[in-house]
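Undergrad: If you scroll down you'll find the structure; I have some questions about it.
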Amino acid sequence: MCLGIPMKIIERQTPSRAVAESLGVKRIVCTDFVPEVKTGNFVLVHVGYAMQIIEQWEASERIKFLEEILAGEGAIGDGVSK
Amino acid sequence: MVSASKKRVTNLMQEVLRQTMDLACEIVEKKGRRIVVMEVCGTHTTAFARSGLTRYFARVLELRSGSGCPVCVTHQQDIDYIVALASLEEVLMVTFGDMMRVPGSVSSLEQAKARGARVHLCYSPLEALSWAQRYPRKQVILTGIGFETTAPAIASTLLEAKKNHIDNFTIYTTLKLVPPALRALLQKQSFNLDGLILPGHVCAVTGSKAFDFTAWQYGLPSVVTGFAEPDLLAGLFQLLTMIKQNEISVRNAYPSVVREYGNRKAQEIVEQCFAVTDFLWRGFSIIPKSGYRLKGENSIFEARDRFKLELPQAGELPGCRCGEIICGTSSPLQCSLFKDLCTPSKPVGPCMVSAEGACNAYFQHLAEAT
C-alpha cells in the first residue's frame, strides 16, 4: 500500500496534472502536493499522486553516499541523541 | 558493458554487505543472542524478504514485522462493514487491490463480487470519481484505507468531488496513523528489540521528525530508509552501527526522498479534510488518536453515515494469529495455520492476503527455509 514508484515528469498538462513516465509506461499524475514540480524532475508516485520530488542520484552520488557510510560519517543523521 | 561507476557502486555494495555482517557478528557476540530489528512498514517486510537480506542475515539478525500493513491492521468490524456496503443494490464499491480477498466474518469483497456486488479495483482513488460520474444513479463508495502516505491522496480526491459537485460519492474512512500504533506496540512490547527500521514513504509525508520519539522516549536506535536494495542495505548498516555504538537517535538513510519535516502541502490538505480520532485496530483494539475521520462539512462524504447498517459483532477468525503477528509478538512460523491451512491462494487472515503482510512475505520468500 505504501509503494512509491519513481517517475520522470515529461509534460505539465494543467496546474494539478502532469504526464509522468517510468520504464516506458506513461501515466497522468496529480501534482497537488508538489506544485513546484517541473518537466524533467523525478517524483515519487503513490496511488496516482506525486508525493515528493526526488533528488535524483547519479552513480557518483550513490558512490559518495556509500563511501560516507562506510567511513562512519554521520552526515545523514538528523535525529536526536540521548 | 558495465560502466566504471556502476562497477564501483557494486563493489561498494559488496563491501557494505560484508561490513554489515561483521558488525552483526560483533553485536551478537557481545549480546549473546541474535539482534532483533523491527521493520515497521509492510513494504519493508516484503522488500527485505525479496532481496534475500532476511535470509542472508537470519543467523545473526531477526527482522520482525510490525504494524505497517494497512490491510492487515484493518479491524474485522470494518472489513465486515465494507463487504456489507458492497452488497447493497445501489452501491458501486471502488477499492485498492489488497482489500479484495481479505476474509470478512461472512465473506470477502471478492466473494461478494462473485455473488453480484459491483466492486472495482483502482490504481488511484481519483478513479472512484470517474465511476461516480459515469454511473450517476449508483452510490460510489471508495475504501479509504492506508496510512499517512495514502491519506493526502484520499483527501485530495474528496476535494475534487466537492469541487465538481459529485454527490453520489462517499468514502469509508479507515485511514490510520503509524506513530500512535508504534507507541502502542512499544508500550506492550514483550520481546527483545534492538532497533527500528522506519517507513520511508510514510516519512516522505510526515517527515523523519515525526518518529524522533522512538529514540528519546523508547531509547531505540532508528533508521528511516527506502525500499530498493541499496537503501535496505545502507539502512541496515547504519542501524547496526548505531546499535554497536549505542547511539540512540533517528537517522535518515533515505535523504533523496525524506525531508526532516515531510511534505507540508500534503499535510495541509489532510488537515483541511480530516480530524484525528481514536481508532480500532486489529491486534490492538482502540488506539487513542490513531486514525482520521472526515471533519466539518466533509463528514457528509462518510459512507458509514450515509449508509447506517446494523451488523453483528465481528468475531475473530478461528485459529488466526494475525493480531499477534501485527503486534510483533508472534512470527508467522508460530501460527499453526501457516503454510498448511492458510496460504496466499486460500488465506485465513489478512497477513496472508496482502503482498505486504508478514505471512505472505514469509510464504513467498522464506517458506522453504522453515
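Undergrad: Contour minus end-to-end for residue B:276 and residue B:189, with contour as 0.36 nm per residue of separation and end-to-end as the Cα-Cα distance? Don't jump to the answer; show the numbers that get you there.
TA: Working: separation 87, 0.36 × 87 = 31.32 nm, distance 2.45 nm.
In short, 28.9 nm is gained.
Undergrad: Taking the beta-carbon count within 10 Å as an exposure proxy, list B:281, B:131, B:216 from fewest neighbours to most. Don't skip to the answer; put the middle values down first.
TA: On the way: B:281 25, B:131 21, B:216 15.
Going from sparsest to densest Cβ surroundings: B:216, B:131, B:281.
Undergrad: For the modelled label position 7 Å from the Cα of residue B:5 along Cα-to-Cβ, which residues of segment A:38-54 have backbone nitrogen atoms closer than 19 Å?
TA: A:40-43, A:54
Undergrad: Name the most mobile residue of B:256, B:65, B:156, meaning the one with the largest mean-square fluctuation, in a Gaussian network model of chain B with Cα contacts below 10 Å.
TA: So, out of B:256, B:65, B:156, the one fluctuating most is B:256.
Undergrad: Please list, by residue number, everything in segment B:207-250 whose backbone N is under 11 Å from a paramagnetic label point 7 Å out along Cα→Cβ of residue B:260.
TA: Zone members listed by number: B:208-209.
Undergrad: OK, next. Once you place label points 7 Å from the Cα toward the Cβ at residue B:165 and residue B:56, how far apart are they in nm?
TA: That separation, rounded to one decimal, is 5.9 nm.
Undergrad: Hey, got a sec? Which trypsin sites (Lys or Arg not before Pro) in segment B:151-210 land in a DSSP loop and have at most 12 other Cβ atoms within 10 Å?
TA: Those that pass, being in a loop and sparsely packed, are B:188.
Undergrad: Then there is this: Cross-link partners among lysines for residue B:7, C-alpha distance below 29 Å, same-chain residues fewer than 8 apart left out?
TA: Straight-distance partners of residue B:7: A:8, A:64.
Undergrad: With the cut-off at 1.5 for a/c, could you classify segment A:5-70 from its C-alpha gyration tensor as rounded, prolate or oblate?
TA: It is prolate, given that a/c is not under 1.5 and a/b is the larger ratio.
Undergrad: What 222 nm value per residue comes from the helices of chain B, counting each DSSP H run with n ≥ 4 as -39,500 (n - 2.57) and dividing by all residues, nearest 500 deg cm²/dmol?
TA: Taking each H run of at least 4 residues, the total per residue is -11000 deg cm²/dmol.
Undergrad: Once you charge only the Cβ atoms, +1 for Lys and Arg and -1 for Asp and Glu, what is the size of the charge dipole of chain B about its Cα centre, to the nearest 20 debye?
TA: It comes to approximately 380 debye.
Undergrad: Moving to a separate point now. In terms of the Cα gyration tensor, with a ≥ b ≥ c the square roots of its eigenvalues, is segment B:253-313 rounded because a/c is under 1.5, prolate because a/b exceeds b/c, or oblate?
TA: Details: a/c = 3.15, a/b = 1.61, b/c = 1.96.
The shape class here is oblate.
Undergrad: Moving on to the next point. For residue B:92, what is the net charge nearby, where nearby means another residue's Cβ is under 13 Å from its Cβ and Lys, Arg count +1, Asp, Glu -1?
TA: Surrounding charge for residue B:92 is +2.
Undergrad: At most 16 other Cβ atoms within 10 Å plus a DSSP loop assignment makes a site exposed; report the longest stretch of chain B without any exposed GluC sites (Glu not before Pro). Mind showing how you got there, number by number?
TA: Values: sites that count: B:89, B:90, B:260, B:310, B:316.
Longest stretch, sites excluded: B:91-259.
Undergrad: Would you tally the net charge around residue B:155, using a Cβ to Cβ cut-off of less than 15 Å, leaving residue B:155 out, and scoring K and R as +1, D and E as -1?
TA: After counting each charged neighbour, the total is 0.
Undergrad: Follow-up. Can you compute the charge dipole magnitude of segment A:5-70 about its Cα centre, using +1 on each Lys and Arg Cβ and -1 on each Asp and Glu Cβ, nothing else charged? Give it in debye, rounded to the nearest 20.
TA: 340 debye
Undergrad: Under unit Cβ charges (Lys, Arg +1; Asp, Glu -1), what dipole magnitude, rounded to 20 debye, does the protein assembly as shown have relative to its Cα centre?
TA: Roughly 420 debye for the protein assembly as shown.
Undergrad: Gaussian network model of chain B, Cα springs within a sub-10 Å range: biggest mean-square fluctuation belongs to which of B:140, B:36, B:223?
TA: B:36
Undergrad: While we're looking at this one, here's another question. Taking a point 7 angstrom from the Cα of residue B:217 along the C-beta vector, which residues in segment B:128-171 have backbone N less than 18 Å away?
TA: In segment B:128-171, the label zone of residue B:217 (backbone N under 18 Å from the point 7 Å along Cα→Cβ) covers B:148.
Undergrad: Please say if segment B:187-282 is rounded, prolate or oblate, where rounded means a/c under 1.5 for a ≥ b ≥ c the square roots of the C-alpha gyration tensor eigenvalues, and otherwise the choice is prolate for a/b larger than b/c and oblate otherwise?
TA: oblate
Undergrad: At 7 Å along Cα-to-Cβ for each site, give me the label-to-label distance between residue A:12 and residue B:285 in nm.
TA: Placing both labels 7 Å along Cα→Cβ, they lie 5.3 nm apart.
Undergrad: With r defined as the distance between the Cβ atoms of residue B:244 and residue A:19 and R0 fixed at 56 Å, what FRET efficiency is calculated, to the nearest 0.05? Let's see the in-between values first.
TA: On the way: r = 47 Å, r/R0 = 0.84.
After rounding, the FRET efficiency stands at 0.75.
Undergrad: Now a separate question. Which of B:84, B:56, B:117 sits farthest toward the positive end of the charge dipole of segment B:1-152, with +1 on the Cβ of Lys and Arg and -1 on the Cβ of Asp and Glu?
TA: Most positive-ward Cα: B:56.
We did not get these values from a lab; they are worked out from the coordinates using the rules stated. Source: prediction; values computed, not measured. Positions of Cβ are generated from backbone atoms using ideal geometry, with glycine treated the same way; all protein chains shown enter the neighbour counts.
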